[in-house]
Amino acid sequence: MTILELAKQTGVTIGSLQEIVLNVGEKVDSEFDPISIDVAELVAMEVGFNVRRLHSDEGAQLKTRPAVVTVMGHVDHGKTSLLDALRQTSVAAKEAGGITQHLGAFVVGMSSGASLTFLDTPGHAAFSAMRARGAAVTDIVVLVVAADDGVMPQTLEAMNHAKVANVPIVVAINKCDKPGADPERVRIQLGSEGLLLEDLGGDVQVVEVSAIKKSGLDRLEEALLLQAEMMDLKARVDGTAQAYVVEARLDRGRGPLATAIVKSGTLLSGQHIVVGAEWGRIRAIRNMVGKVIESAGPAIPVEIEGLKGLPMAGDDVVVVDSEERARMLSNGRKKKLEKDRLHKASEERAESPDTSE
Ligand code: GDP
Ligand code: MG
(Lines give C-alpha, C1' and ligand atoms only; values in the text may rest on other atoms or scores of the structure.)
(Ligands and ions follow the chains in the order given, each with its own letter.)
Protein backbone atom coordinates (compact mmCIF):
# COMPACT_ATOMS: atom_id res chain seq x y z
CA MET A 1 0.00 0.00 0.00
CA THR A 2 1.15 3.55 -0.74
CA ILE A 3 0.16 6.98 0.61
CA LEU A 4 -1.45 7.64 -2.74
CA GLU A 5 -3.68 4.59 -2.47
CA LEU A 6 -4.53 5.46 1.12
CA ALA A 7 -5.44 9.00 0.03
CA LYS A 8 -7.76 7.60 -2.63
CA GLN A 9 -9.43 5.25 -0.19
CA THR A 10 -9.87 7.70 2.67
CA GLY A 11 -10.42 10.91 0.71
CA VAL A 12 -7.78 12.63 2.88
CA THR A 13 -5.11 14.73 1.15
CA ILE A 14 -1.67 13.29 0.49
CA GLY A 15 -0.13 16.15 2.47
CA SER A 16 -2.06 15.40 5.65
CA LEU A 17 -1.42 11.70 5.36
CA GLN A 18 2.31 12.29 4.96
CA GLU A 19 2.27 14.45 8.04
CA ILE A 20 0.58 11.72 10.07
CA VAL A 21 3.08 9.15 8.86
CA LEU A 22 5.89 11.43 10.00
CA ASN A 23 4.15 11.89 13.35
CA VAL A 24 4.09 8.17 14.00
CA GLY A 25 7.83 8.18 13.45
CA GLU A 26 8.02 6.74 9.96
CA LYS A 27 9.87 8.15 7.02
CA VAL A 28 8.09 9.10 3.77
CA ASP A 29 9.90 10.24 0.68
CA SER A 30 7.13 10.03 -1.81
CA GLU A 31 3.46 9.13 -2.01
CA PHE A 32 4.49 6.24 -4.28
CA ASP A 33 6.71 4.55 -1.72
CA PRO A 34 5.15 1.50 -0.13
CA ILE A 35 4.17 1.77 3.54
CA SER A 36 3.69 -1.26 5.76
CA ILE A 37 0.26 -2.53 6.68
CA ASP A 38 0.90 -1.51 10.31
CA VAL A 39 1.60 2.10 9.37
CA ALA A 40 -1.34 2.11 6.96
CA GLU A 41 -3.59 0.95 9.78
CA LEU A 42 -2.30 3.65 12.12
CA VAL A 43 -2.73 6.40 9.58
CA ALA A 44 -6.20 5.24 8.61
CA MET A 45 -7.21 5.19 12.29
CA GLU A 46 -5.88 8.75 12.73
CA VAL A 47 -8.25 9.95 10.04
CA GLY A 48 -11.18 8.06 11.52
CA PHE A 49 -11.26 4.82 9.58
CA ASN A 50 -11.62 1.35 10.98
CA VAL A 51 -9.26 -1.00 9.28
CA ARG A 52 -9.83 -4.67 8.83
CA ARG A 53 -6.84 -6.58 7.72
CA LEU A 54 -7.74 -8.86 4.90
CA HIS A 55 -5.21 -11.61 4.72
CA SER A 56 -5.15 -12.89 1.21
CA ASP A 57 -4.88 -16.64 0.92
CA GLU A 58 -4.60 -16.38 -2.82
CA GLY A 59 -1.97 -18.68 -4.19
CA ALA A 60 -1.36 -20.19 -0.75
CA GLN A 61 -1.61 -23.89 -0.20
CA LEU A 62 -4.82 -24.69 1.67
CA LYS A 63 -5.26 -27.68 3.94
CA THR A 64 -8.34 -29.22 5.50
CA ARG A 65 -8.81 -27.86 9.01
CA PRO A 66 -11.02 -28.91 11.94
CA ALA A 67 -14.42 -27.30 12.35
CA VAL A 68 -14.94 -24.86 15.22
CA VAL A 69 -18.18 -25.67 17.03
CA THR A 70 -20.30 -23.58 19.43
CA VAL A 71 -23.01 -25.07 21.63
CA MET A 72 -26.21 -23.04 22.01
CA GLY A 73 -29.71 -23.59 23.35
CA HIS A 74 -32.20 -22.74 26.06
CA VAL A 75 -31.05 -22.38 29.67
CA ASP A 76 -30.93 -25.67 31.58
CA HIS A 77 -31.25 -27.77 28.43
CA GLY A 78 -27.76 -29.14 29.11
CA LYS A 79 -25.22 -27.06 27.19
CA THR A 80 -22.61 -27.12 29.95
CA SER A 81 -23.23 -30.80 30.69
CA LEU A 82 -22.88 -31.66 27.02
CA LEU A 83 -19.62 -29.73 26.71
CA ASP A 84 -18.30 -31.49 29.80
CA ALA A 85 -19.24 -34.87 28.37
CA LEU A 86 -17.68 -34.06 24.99
CA ARG A 87 -14.53 -32.79 26.66
CA GLN A 88 -14.15 -36.13 28.37
CA THR A 89 -14.27 -37.94 25.02
CA SER A 90 -11.17 -36.10 23.88
CA VAL A 91 -8.08 -38.24 23.48
CA ALA A 92 -5.91 -35.59 25.09
CA ALA A 93 -8.19 -35.57 28.10
CA LYS A 94 -7.91 -39.32 28.41
CA GLU A 95 -4.14 -39.25 28.09
CA ALA A 96 -3.65 -36.39 30.49
CA GLY A 97 -6.08 -37.89 32.97
CA GLY A 98 -8.49 -35.06 32.40
CA ILE A 99 -7.98 -31.56 31.18
CA THR A 100 -6.85 -29.70 34.22
CA GLN A 101 -6.83 -26.16 32.97
CA HIS A 102 -9.70 -24.21 31.62
CA LEU A 103 -8.84 -22.85 28.22
CA GLY A 104 -12.11 -21.63 26.74
CA ALA A 105 -11.89 -24.19 23.96
CA PHE A 106 -10.95 -27.83 23.52
CA VAL A 107 -10.20 -30.27 20.73
CA VAL A 108 -11.80 -33.67 20.37
CA GLY A 109 -9.69 -36.03 18.29
CA MET A 110 -11.38 -38.99 16.63
CA SER A 111 -9.79 -42.37 15.95
CA SER A 112 -9.99 -41.55 12.22
CA GLY A 113 -7.50 -38.76 12.83
CA ALA A 114 -10.10 -36.06 12.24
CA SER A 115 -10.85 -33.63 15.03
CA LEU A 116 -13.33 -31.00 16.17
CA THR A 117 -12.66 -27.83 18.12
CA PHE A 118 -15.33 -26.85 20.64
CA LEU A 119 -15.68 -23.37 22.10
CA ASP A 120 -16.17 -23.88 25.79
CA THR A 121 -18.40 -20.92 26.45
CA PRO A 122 -21.95 -21.71 25.54
CA GLY A 123 -24.19 -18.78 25.03
CA HIS A 124 -25.69 -16.47 22.57
CA ALA A 125 -24.18 -13.29 23.92
CA ALA A 126 -20.61 -14.42 23.27
CA PHE A 127 -21.53 -15.66 19.82
CA SER A 128 -23.20 -12.39 18.82
CA ALA A 129 -20.57 -10.20 20.45
CA MET A 130 -17.83 -11.96 18.55
CA ARG A 131 -19.76 -11.79 15.30
CA ALA A 132 -20.41 -8.10 15.85
CA ARG A 133 -16.68 -7.55 16.20
CA GLY A 134 -16.04 -9.36 12.98
CA ALA A 135 -14.70 -12.50 14.55
CA ALA A 136 -16.41 -15.24 12.62
CA VAL A 137 -14.86 -18.12 14.52
CA THR A 138 -17.74 -20.58 14.65
CA ASP A 139 -18.31 -22.94 11.74
CA ILE A 140 -21.13 -25.05 13.17
CA VAL A 141 -23.70 -24.52 15.94
CA VAL A 142 -24.89 -27.43 18.06
CA LEU A 143 -28.45 -26.56 19.01
CA VAL A 144 -29.23 -28.29 22.30
CA VAL A 145 -32.91 -28.97 22.99
CA ALA A 146 -34.04 -30.87 26.08
CA ALA A 147 -36.26 -33.76 25.07
CA ASP A 148 -38.57 -33.24 28.05
CA ASP A 149 -38.92 -29.50 27.69
CA GLY A 150 -38.97 -28.99 23.94
CA VAL A 151 -38.43 -25.82 21.95
CA MET A 152 -38.24 -22.73 24.18
CA PRO A 153 -37.62 -19.00 23.58
CA GLN A 154 -33.81 -19.23 23.70
CA THR A 155 -33.93 -22.22 21.36
CA LEU A 156 -35.51 -19.95 18.78
CA GLU A 157 -33.09 -17.17 19.60
CA ALA A 158 -30.14 -19.50 19.00
CA MET A 159 -31.68 -20.70 15.74
CA ASN A 160 -31.99 -17.11 14.67
CA HIS A 161 -28.40 -16.21 15.58
CA ALA A 162 -27.14 -19.14 13.54
CA LYS A 163 -29.35 -18.22 10.62
CA VAL A 164 -28.29 -14.57 10.60
CA ALA A 165 -24.64 -15.60 10.77
CA ASN A 166 -25.21 -18.20 8.08
CA VAL A 167 -23.80 -20.93 10.30
CA PRO A 168 -25.26 -24.44 9.86
CA ILE A 169 -26.96 -26.18 12.78
CA VAL A 170 -26.71 -29.73 14.05
CA VAL A 171 -29.48 -30.49 16.55
CA ALA A 172 -28.69 -32.42 19.74
CA ILE A 173 -31.87 -33.55 21.46
CA ASN A 174 -30.58 -33.91 25.01
CA LYS A 175 -31.89 -35.58 28.18
CA CYS A 176 -33.19 -38.53 26.18
CA ASP A 177 -32.62 -40.65 29.32
CA LYS A 178 -35.44 -38.87 31.13
CA PRO A 179 -38.79 -40.63 31.55
CA GLY A 180 -40.64 -37.66 30.11
CA ALA A 181 -38.40 -37.43 27.04
CA ASP A 182 -40.24 -36.94 23.77
CA PRO A 183 -37.72 -36.44 20.98
CA GLU A 184 -40.41 -36.83 18.33
CA ARG A 185 -42.25 -33.79 19.67
CA VAL A 186 -38.99 -31.78 19.52
CA ARG A 187 -38.55 -32.76 15.88
CA ILE A 188 -42.06 -31.62 15.04
CA GLN A 189 -41.58 -28.34 16.92
CA LEU A 190 -38.29 -27.58 15.17
CA GLY A 191 -39.79 -28.48 11.82
CA SER A 192 -42.69 -26.14 12.36
CA GLU A 193 -40.21 -23.39 13.26
CA GLY A 194 -38.74 -23.75 9.81
CA LEU A 195 -35.71 -25.91 10.53
CA LEU A 196 -35.32 -28.32 7.62
CA LEU A 197 -34.56 -31.54 9.43
CA GLU A 198 -32.88 -34.46 7.72
CA ASP A 199 -35.65 -36.88 8.66
CA LEU A 200 -38.03 -34.66 6.73
CA GLY A 201 -35.88 -34.36 3.63
CA GLY A 202 -33.84 -31.33 4.76
CA ASP A 203 -30.14 -31.22 5.56
CA VAL A 204 -30.14 -30.41 9.28
CA GLN A 205 -28.92 -33.48 11.16
CA VAL A 206 -30.59 -34.48 14.42
CA VAL A 207 -28.94 -36.65 17.07
CA GLU A 208 -30.50 -37.94 20.28
CA VAL A 209 -28.13 -37.73 23.23
CA SER A 210 -27.87 -37.80 26.98
CA ALA A 211 -25.11 -35.67 28.43
CA ILE A 212 -25.57 -37.30 31.81
CA LYS A 213 -25.52 -40.90 30.59
CA LYS A 214 -22.92 -39.92 27.96
CA SER A 215 -24.90 -41.64 25.26
CA GLY A 216 -25.11 -40.59 21.62
CA LEU A 217 -21.93 -38.51 21.88
CA ASP A 218 -20.09 -40.49 19.21
CA ARG A 219 -23.04 -40.08 16.88
CA LEU A 220 -23.09 -36.33 17.57
CA GLU A 221 -19.38 -36.11 16.79
CA GLU A 222 -19.90 -38.08 13.58
CA ALA A 223 -22.72 -35.77 12.57
CA LEU A 224 -20.46 -32.76 13.18
CA LEU A 225 -17.65 -34.31 11.16
CA LEU A 226 -20.05 -35.01 8.31
CA GLN A 227 -21.28 -31.44 8.43
CA ALA A 228 -17.68 -30.20 8.42
CA GLU A 229 -16.87 -32.44 5.48
CA MET A 230 -19.75 -30.99 3.49
CA MET A 231 -18.45 -27.51 4.22
CA ASP A 232 -14.99 -28.44 2.96
CA LEU A 233 -13.25 -26.26 5.55
CA LYS A 234 -9.76 -25.29 4.52
CA ALA A 235 -7.11 -22.92 5.75
CA ARG A 236 -3.69 -21.66 4.85
CA VAL A 237 -1.15 -23.28 7.17
CA ASP A 238 2.05 -21.53 6.16
CA GLY A 239 2.87 -17.92 6.79
CA THR A 240 1.80 -15.26 9.26
CA ALA A 241 -0.99 -16.23 11.58
CA GLN A 242 -4.32 -14.53 11.89
CA ALA A 243 -6.11 -15.48 15.09
CA TYR A 244 -9.03 -14.48 17.30
CA VAL A 245 -9.31 -14.29 21.05
CA VAL A 246 -12.11 -16.42 22.49
CA GLU A 247 -11.36 -15.75 26.13
CA ALA A 248 -8.90 -13.79 28.26
CA ARG A 249 -8.05 -13.82 31.92
CA LEU A 250 -5.50 -12.47 34.33
CA ASP A 251 -3.28 -15.00 36.07
CA ARG A 252 -1.53 -13.84 39.22
CA GLY A 253 1.78 -15.38 38.32
CA ARG A 254 1.73 -15.44 34.55
CA GLY A 255 -0.05 -12.17 33.82
CA PRO A 256 -2.64 -11.70 31.07
CA LEU A 257 -3.50 -14.92 29.28
CA ALA A 258 -5.49 -15.05 26.09
CA THR A 259 -7.06 -18.13 24.57
CA ALA A 260 -7.02 -17.73 20.84
CA ILE A 261 -8.00 -19.81 17.85
CA VAL A 262 -5.81 -19.50 14.80
CA LYS A 263 -7.87 -18.86 11.66
CA SER A 264 -5.04 -19.20 9.19
CA GLY A 265 -1.28 -19.37 9.12
CA THR A 266 0.89 -20.50 12.00
CA LEU A 267 1.47 -18.66 15.26
CA LEU A 268 5.00 -18.96 16.64
CA SER A 269 6.37 -18.52 20.09
CA GLY A 270 8.51 -15.38 20.34
CA GLN A 271 6.49 -13.37 17.84
CA HIS A 272 5.53 -9.76 18.51
CA ILE A 273 1.77 -9.39 18.50
CA VAL A 274 -0.97 -6.84 18.82
CA VAL A 275 -4.20 -8.21 20.25
CA GLY A 276 -7.06 -5.78 20.00
CA ALA A 277 -5.53 -2.70 21.59
CA GLU A 278 -2.98 -4.65 23.66
CA TRP A 279 0.50 -5.76 22.65
CA GLY A 280 3.24 -8.09 23.75
CA ARG A 281 5.68 -10.74 22.71
CA ILE A 282 4.61 -14.36 22.89
CA ARG A 283 6.51 -15.78 25.85
CA ALA A 284 4.78 -19.14 25.70
CA ILE A 285 2.10 -20.89 23.72
CA ARG A 286 0.28 -23.65 25.57
CA ASN A 287 -2.09 -26.23 24.21
CA MET A 288 -5.26 -27.35 25.93
CA VAL A 289 -3.51 -29.71 28.31
CA GLY A 290 -1.16 -26.95 29.39
CA LYS A 291 1.85 -28.23 27.47
CA VAL A 292 4.18 -25.59 26.04
CA ILE A 293 4.29 -25.80 22.24
CA GLU A 294 6.36 -23.84 19.76
CA SER A 295 3.69 -23.17 17.15
CA ALA A 296 -0.03 -23.49 16.45
CA GLY A 297 -1.85 -23.87 13.15
CA PRO A 298 -5.48 -23.37 12.04
CA ALA A 299 -8.41 -24.20 14.36
CA ILE A 300 -6.10 -25.08 17.25
CA PRO A 301 -7.00 -23.37 20.51
CA VAL A 302 -3.98 -22.07 22.36
CA GLU A 303 -3.22 -20.02 25.41
CA ILE A 304 -0.93 -17.09 24.72
CA GLU A 305 1.28 -15.71 27.48
CA GLY A 306 3.25 -12.48 27.22
CA LEU A 307 0.68 -9.75 26.68
CA LYS A 308 1.00 -6.47 28.59
CA GLY A 309 -2.73 -6.03 29.06
CA LEU A 310 -5.97 -7.97 28.97
CA PRO A 311 -7.64 -8.23 25.56
CA MET A 312 -11.33 -8.99 24.95
CA ALA A 313 -13.13 -11.92 23.35
CA GLY A 314 -13.38 -11.31 19.64
CA ASP A 315 -10.15 -9.28 19.45
CA ASP A 316 -7.92 -10.10 16.53
CA VAL A 317 -4.35 -11.27 16.96
CA VAL A 318 -2.00 -9.55 14.55
CA VAL A 319 1.65 -10.51 14.16
CA VAL A 320 4.04 -7.59 13.63
CA ASP A 321 7.76 -7.29 12.92
CA SER A 322 9.09 -5.64 16.05
CA GLU A 323 8.32 -4.52 19.56
CA GLU A 324 8.33 -0.94 18.33
CA ARG A 325 5.63 -1.72 15.76
CA ALA A 326 3.62 -3.57 18.35
CA ARG A 327 3.74 -0.65 20.78
CA MET A 328 2.93 1.82 18.06
CA LEU A 329 -0.04 -0.09 16.76
CA SER A 330 -1.37 -0.75 20.24
CA ASN A 331 -1.09 2.95 21.09
CA GLY A 332 -2.87 3.90 17.89
CA ARG A 333 -5.67 1.46 18.58
CA LYS A 334 -6.03 2.64 22.18
CA LYS A 335 -6.27 6.24 21.01
CA LYS A 336 -8.85 5.24 18.46
CA LEU A 337 -10.90 3.38 21.09
CA GLU A 338 -10.78 6.40 23.38
CA LYS A 339 -11.77 8.73 20.56
CA ASP A 340 -14.71 6.48 19.66
CA ARG A 341 -15.74 6.33 23.30
CA LEU A 342 -15.70 10.10 23.70
CA HIS A 343 -17.53 10.51 20.41
CA LYS A 344 -20.22 8.08 21.51
CA ALA A 345 -20.57 9.79 24.89
CA SER A 346 -20.99 13.20 23.30
CA GLU A 347 -23.53 11.83 20.85
CA GLU A 348 -25.49 10.38 23.73
CA ARG A 349 -25.40 13.73 25.50
CA ALA A 350 -26.62 15.43 22.33
CA GLU A 351 -29.48 12.96 22.07
CA SER A 352 -30.71 13.67 25.58
CA PRO A 353 -30.05 17.40 26.07
CA ASP A 354 -32.43 17.80 28.98
CA THR A 355 -30.74 15.30 31.27
CA SER A 356 -29.19 17.38 34.01
CA GLU A 357 -25.56 16.94 35.03
P1 GDP B 1 -27.25 -25.31 30.60
O2 GDP B 1 -27.93 -24.22 31.34
O3 GDP B 1 -27.83 -25.45 29.22
O4 GDP B 1 -25.76 -25.19 30.56
O5 GDP B 1 -27.63 -26.67 31.32
P6 GDP B 1 -26.78 -27.56 32.34
O7 GDP B 1 -25.74 -28.33 31.62
O8 GDP B 1 -26.33 -26.70 33.45
O9 GDP B 1 -27.88 -28.59 32.81
C10 GDP B 1 -29.05 -28.19 33.48
C11 GDP B 1 -29.56 -29.34 34.33
O12 GDP B 1 -29.96 -30.42 33.48
C13 GDP B 1 -28.52 -29.89 35.28
O14 GDP B 1 -29.14 -30.19 36.49
C15 GDP B 1 -28.03 -31.15 34.58
O16 GDP B 1 -27.60 -32.12 35.49
C17 GDP B 1 -29.27 -31.61 33.86
N18 GDP B 1 -28.96 -32.35 32.65
C19 GDP B 1 -28.14 -31.96 31.65
N20 GDP B 1 -28.07 -32.92 30.70
C21 GDP B 1 -28.85 -33.93 31.11
C22 GDP B 1 -29.19 -35.21 30.55
O23 GDP B 1 -28.73 -35.63 29.47
N24 GDP B 1 -30.06 -35.98 31.26
C25 GDP B 1 -30.59 -35.58 32.46
N26 GDP B 1 -31.42 -36.40 33.06
N27 GDP B 1 -30.28 -34.39 33.00
C28 GDP B 1 -29.42 -33.58 32.35
MG1 MG C 1 -24.56 -23.67 31.37
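The table for this structure:
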| item | result |
| --- | --- |
| Using a Förster distance of 25 Å, the FRET efficiency for S30-T240 (Cβ separation, nearest 0.05) | 0.40 |
| Relative contact order for the chain, counting Cα pairs under 8 Å that sit 6 or more residues apart, in percent | 16 percent |
| Ranked by how many other beta carbons lie within 10 Å on average, peptides 208-220, 282-294 from highest | 208-220, 282-294 |
| Difference of contour (0.36 nm per residue) and Cα-Cα distance, A165 to D340 | 60.4 nm |
| Using a Förster distance of 30 Å, the FRET efficiency for L226-I188 (Cβ separation, nearest 0.05) | 0.80 |
| On Cα atoms only, tilt of 79-89 relative to the major axis of the chain in degrees | 90 degrees |
| Max mean-square fluctuation residue, GNM over the chain, Cα-Cα springs under 10 Å, options E221, E41, E347 | E347 |
| Per residue solvent-accessible surface (Å²) - the stretch 216-357, probe of 1.4 Å | 50 Å² |
| Theoretical gain in end-to-end length, A125 to E5 [0.36 nm per residue, Cα-Cα removed] | 39.4 nm |
| FRET E, pair D199, T80, Förster distance 25 Å, beta-carbon r, rounded to 0.05 | 0.35 |
| Percentage of interatomic Cα-Cα distances in the stretch 277-336 larger than 17 Å | 43 percent |
| J(HN,Hα) series, the stretch 312-319, from Karplus relation 6.51 cos²θ - 1.76 cosθ + 1.60, nearest Hz, glycine and proline x | 10, 4, x, 5, 8, 9, 10, 8 |
| Degrees, to the nearest 10: 183-192 long Cα axis against longest axis of the chain | 50 degrees |
| Integer Hz, Karplus 6.51/-1.76/1.60 couplings in order for the stretch 199-207, x for Gly and Pro | 4, 10, x, x, 10, 8, 6, 10, 10 |
| The chain, accessible surface, carbon-and-sulfur percent (1.4 angstrom probe) | 51 percent |
| Mean shadow area of the stretch 122-164 over all directions, Cα convex hull, nm² | 3.1 nm² |
| Mean projected area in nm² (Cα convex hull; one quarter of hull surface) for the stretch 189-292 | 10.7 nm² |
| Residue with peak Gaussian network fluctuation, the chain [Cα springs, cutoff 10 Å], from A296, A40, A67 | A40 |
| The chain, helix-only ellipticity at 222 nm - DSSP H runs n ≥ 4, -39,500 (n - 2.57), divided by all residues, nearest 500 | -10500 deg cm²/dmol |
| Percent antiparallel among DSSP beta bridges (both partners in the chain, rounded to 5) | 70 percent |
| Gain upon complete extension [S322, R249; 0.36 nm per residue less C-alpha separation] | 23.8 nm |
| Alpha carbon Rg of the chain, scaled by the compact-globule rule 2.2 N^0.38 Å | 1.12 |
| Extent along principal axes [Cα atoms of the stretch 205-357; Å; largest to smallest] | 59, 44, 34 |
| Degrees, to the nearest 10: 37-46 long Cα axis against longest axis of the chain | 80 degrees |
| Phi to ³J(HN,Hα) by Karplus 6.51 cos²θ - 1.76 cosθ + 1.60 over the stretch 241-252, Hz, x for Gly, Pro | 7, 10, 9, 10, 7, 10, 6, 9, 8, 9, 9, 4 |
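The values are calculated or read from the model by the stated rules, or taken from the named source; none is laboratory data. Model, not experiment: these values are computed from the prediction. Backbone-built Cβ (ideal geometry, glycine too); neighbour counts: all protein chains shown. Just the protein is used for accessible areas: all its heavy atoms, side chains included, with ligands, DNA and RNA removed. Shrake-Rupley method; radii C 1.70, N 1.55, O 1.52, S 1.80 Å.
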